[in-house]
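Have a look at the structure below before the remarks.
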Amino acid sequence: MATSVVLFTRDLRLHDHPPLRAALDRSDAVVPLFVRDRAVGAAGFAAPNRLALLADCLRDLDSGLRDRGGRLVVRSGDLVEEVCAVAGEAEADEVHLAADVSAHAHRREELLRSALSARGCRLHVHDAVTTVLAPGSVTPASSDHFAVFTPYFRRWSERAVREPLAAPRRVRVPDGVGSEPLPARGDLTGLSPGLPTGGERDARKRLTAWLRGGIAGYADHHDDLAGDATSRLSPDLHLGALSPVELVHRARRAGGPGAEAFVRQLAWRDFHHQVLAARPHASAADYRTRHDRWRTGAAAEADAAAWRDGRTGYPVVDAAMRQLRHEGWMHNRGRLLVASFLTKTLYVDWRVGARHFLELLVDGDVANNQLNWQWVAGTGTDTRPHRVLNPTTQARRFDPGGAYVRRWVPELAGLAGRSVHEPWRLARAARAAYDAYPDPIVDLSEGLDRFRRARGRD
Ligand SMILES: Cc1cc2nc3c(=O)[nH]c(=O)nc-3n(C[C@H](O)[C@H](O)[C@H](O)COP(=O)(O)OP(=O)(O)OC[C@H]3O[C@@H](n4cnc5c(N)ncnc54)[C@H](O)[C@@H]3O)c2cc1C
């Protein structure tokens with residue numbers, strides 16, 4: 001009897017799962033395996049919010065497999081040792097795995113390949129599982145990756161996207177391969193109170209609702225902070241409860257400018273993945289150095305702490321930072337403006353901000369987080385690396401009625417309309433009624449001058 005192991009990582013679904021399909025096609029029995037990799041925890045990447053979503057996803061995957069006659073096997077420890085042990089127990093001759101892009105994923109693949117081959121077991125790595133197109137499959141003539149989004153997107157759009165696969169009807173798991181108990185969200189502490197649920201079933205409901213409703217207005221409303229008119233599918237994409245390939249097909253079938261704009265964002269996701277695949281060190285080092293000498297010391301640390309706590313005195317920045325802490329998620333426009341505020345107005349290292357995001361974001365991943373931070377900081381792929389977003393102008397434009405700020409900064413909830421964006425302009429007596437809210441920690445024009453000087457652009 002031929003047996004395969006399918007090693008799930010951040011592809012926690014049954015629909016459109018090429019490694020599972022290949023294993024089922026080639027074997028009589030399959031062990032669906034998830035390893036709680038010790039190295040991920042040791043690298044400080046196991047944030048409670050994401051662990052909660054992971055626990056939901058694993059439970060849902062197990063239940064989906066049980067509906068099909070199978071089950072999920074969960075182990076924890078050293079990933080390579082655990083995969084080899086399970087392959088040995090199941091007498092498997094193949095292991096199937098989705099390709100991934102981080103330095104950790106590359107190393108994992110290499111170590112697995114050699115450890116398995118020493119046991120006469122083959123590793124099959126499947127592309128286009130976590131991304132729409134395989135990183136490296138679309139390249140310019142002169143490089144191994146695209147460094148600018150627009151030409152990448154042109155080429156990306158011309159490429160055929162493989163057809164999504166149906167979920168399997170039956171999965172036969174061999175007897176005698178033991179599993180640890182599944183982790184549970186209830187075992188975790190320090191979670192954001194407004195976290196979404198995880199797992200493929202809920203994710204598919206969210207996707208269907210999005211395709212029926214929100215996507216049509218996406219092109220016009222995606223930047224409206226209070227309108228909250230984006231898909232919120234990023235956590236499902238991060239852990240692979242949804243397939244990006246399936247999303248592209250279903251969005252294109254829905255059609256219209258909203259769907260086009262949505263597919264373009266999925267291409268941004270692929271874009272950052274292909275940059276990281278080619279330059280894994282960009283997770284920690286500047287992709288393009290601007291020779292920054294970021295502020296350090298007590299004043300910079302106090303500024304960063306005020307930023308993290310949502311107490312900078314700029315209401316829209318503080319609203320977004322508080323949304324992050326409460327929901328483990330932040331609107332994209334909020335991410336852009338708080339990242340610009342930290343790296344440019346306060347001139348604090350992008351790594352400080354990226355680390356805080358990764359401690360809280362349910363969708364936090366190395367490719368999207370680190371490379372978006374670099375994009376905003378001007379050390380990444382932005383073709384206008386020195387632009388600075390003015391938080392007040394941004395607030396007036398993307399939260400014109402002030403509803404987003406009033407939702408997240410209750411100290412200012414009594415201020416009507418756009419006056420909520422500039423409490424420092426209130427007359428002294430009126431300002432006194434809002435004294436629970438801080439004054440701005442930085443003067444915007446001073447921050448701008450400091451940044452321009454630092455970048456040699458004064
Ligand atoms: C500083 C900063 C940090 C970020 N960190 C992350 C992160 O850790 N994880 C993450 O998934 N996204 C990150 N983003 C990108 C973006 O903000 C989120 O993907 C988006 O807000 C998620 O909400 P949504 O699912 O409603 O997005 P939608 O607007 O509905 O977009 C659909 C999908 O497209 C992808 N997408 C959208 N915008 C981007 C983008 N700029 N880059 C890459 N993919 C994109 C996401 O997978 C998203 O779910 C970051 C952006 C910035 C500026």
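All of the numbers you see were taken from the coordinates with simple rules; none came from a lab. Computed from a predicted structure; not experimentally measured. For neighbour counting, all protein chains shown are included, and Cβ atoms are generated from backbone atoms with ideal geometry for every residue, glycine included.
Points 7 angstrom from Cα along the Cβ direction at Leu448 and Arg290: gap in nanometres?
Output for this residue pair reads 1.5 nm.
Which Cα, out of Pro193, Ser117, Ala259, lies furthest along the positive dipole direction of the chain (beta carbon charges, K/R +1, D/E -1)?
After comparing all options, I get Ala259.
Calculate the length of the line joining the C-alpha centroid of the range 395-418 to that of the range 1-69, in whole Å.
Spelled out, the Cα-based centre of one part sits 42 Å from the other.
What percent do you get for the relative contact order of the range 3-129 when only Cα pairs under 8 Å and 6+ apart count?
Relative contact order for the range 3-129 comes out at 33 percent.
Report, in whole Å, the centroid distance computed from the Cα atoms of the range 335-371 and the range 252-323.
5
Go ahead and estimate [θ] at 222 nm for the chain from helices alone: -39,500 (n - 2.57) per DSSP H run with n ≥ 4, summed, over the residue count, rounded to 500.
-13500 deg cm²/dmol
With +1 on each Lys and Arg Cβ and -1 on each Asp and Glu Cβ, and nothing else charged, work out how big the dipole of the range 3-129 is about its Cα centre, in Debye to the nearest 20.
Dipole magnitude for the range 3-129 comes out near 240 debye.
At what distance in nm do the modelled label points of Arg431 and Arg155 sit from each other, each positioned 7 Å from its Cα along Cα→Cβ?
Taking the two extended label points, one gets 5.4 nm.
7 Å from Cα along Cα→Cβ at both Ala46 and Asp439: what's the point-to-point distance in nm?
Distance between label points: 4.6 nm.
Between Glu109 and Met1, what length comes free when the chain is fully extended (0.36 nm per residue of separation minus the Cα-Cα distance, one decimal in nm)?
So the extension gain works out to 36.3 nm.
When a/c is below 1.5 the answer is rounded, else prolate if a/b is larger than b/c, else oblate, so apply that to the range 124-276 with a ≥ b ≥ c taken from the square roots of the Cα gyration tensor eigenvalues.
oblate
I'd like the FRET efficiency for Asn332 and Leu191, computed as 1/(1 + (r/R0)^6) with the beta carbon distance as r and R0 of 22 Å, rounded to 0.05.
E(calc), rounded to 0.05, equals 0.45.
Hey, for a label at Asp67 modelled as a point 7 Å past Cα toward Cβ, could you say which residues of the range 183-217 have their backbone N under 11 Å away?
Within reach of a label on Asp67: 200-202, 204-205.
Scan around Val95 for amide H atoms under 5 Å from its own, H built in the peptide plane at 1.01 Å from N, and keep only partners 5 or more places away or cross-chain.
Here Val5, Arg122, Leu123, His124 satisfy the definition.
Full-extension gain between Thr208 and Asp223, please, as 0.36 nm times their residue separation minus the C-alpha to C-alpha distance.
Extending this stretch completely gives an extra 3.2 nm.
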